[in-house]
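A quick write-up on the structure given underneath.
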Amino acid sequence: MKEIKIHEVGGVLDTSTSGKEQKDILDLLESHPHIGLDLSRCTYVSSAGLRVMLYAYKVASGKGGRVDLIGVSEEIREVMDMTGFSKFFKMYGTIGECMDQ
């Protein structure tokens with residue numbers, strides 16, 4: 001089993017929260033190239049939030065790692081599918097499923 005660090009994103013991921021989330025995610029990526037973003041308590045992702053996730057993907061990929069998404073709601077998944085963002089991430093229903101990969 002690989003070491004995966006989990007970061008929980010709750011509430012909304014939009015312009016008002018994306019700066020802090022990006023900093024927290026990048027700090028985590030400094031020491032762990034493979035992270036899981038737990039979105040099970042995230043109710044909304046704006047374009048600013050999608051940019052945070054894409055930037056995290058680019059940083060992780062540059063280090064030979066990756067960013068997995070956990071517990072993505074149907075609404076958020078639809079937006080990610082429509083924008084093409086879903087092709088960058090592996091998605092899991094639970095933290096346990098992500099940790100087992």
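The values are calculated or read from the model by the stated rules, or taken from the named source; none is laboratory data. All values reported here derive from a predicted model rather than from experimental measurement. With ideal geometry, Cβ positions are generated from the backbone for all residues, glycine too; neighbour counts draw on all protein chains shown. Please note that ligands, DNA and RNA were not included when accessible areas were found on the heavy atoms of the full protein model with its side chains. Shrake-Rupley method; radii C 1.70, N 1.55, O 1.52, S 1.80 Å.
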Taking only Cα atoms and a 10 Å spring cutoff, compute GNM fluctuations for the chain and point out the largest among GLY71, GLY36, GLY84.
GLY84
Rg/Rh over Cα atoms for the stretch 1-63, Kirkwood Rh, comes to 0.96
In Å², what does the accessible area per residue of the chain work out to with a 1.4 Å probe?
55 Å²
Between MET82 and ASP14, the two model label points (7 Å from Cα along the beta-carbon direction) sit apart by a distance in nm of 1.6 nm
Order LYS87, LYS63, most accessible first, counting only protein heavy atoms with a 1.4 angstrom probe.
LYS87, LYS63
Of the heavy-atom accessible surface of the chain (probe 1.4 angstrom), what whole percent is carbon and sulfur?
52 percent
With all protein chains modelled, accessible area of VAL45 [1.4 Å, Å²]
20 Å²
Determine the dipole magnitude for the chain: charges of +1 sit on the beta-carbon of Lys and Arg, -1 on that of Asp and Glu, nothing else is charged, the reference point is the Cα centre, and the result goes in debye to the nearest 20.
380 debye
Per residue of the stretch 82-92, what does 6.51 cos²θ - 1.76 cosθ + 1.60 with θ = phi - 60° give for ³J(HN,Hα)? Whole Hz please, x for Gly and Pro, Karplus curve as stated.
5, 8, x, 5, 5, 5, 8, 10, 8, 10, 10
Quick one: if the Förster radius is 25 Å, what FRET efficiency do LYS58 and GLU97 give, using the C-beta to C-beta distance and rounding to 0.05?
0.55
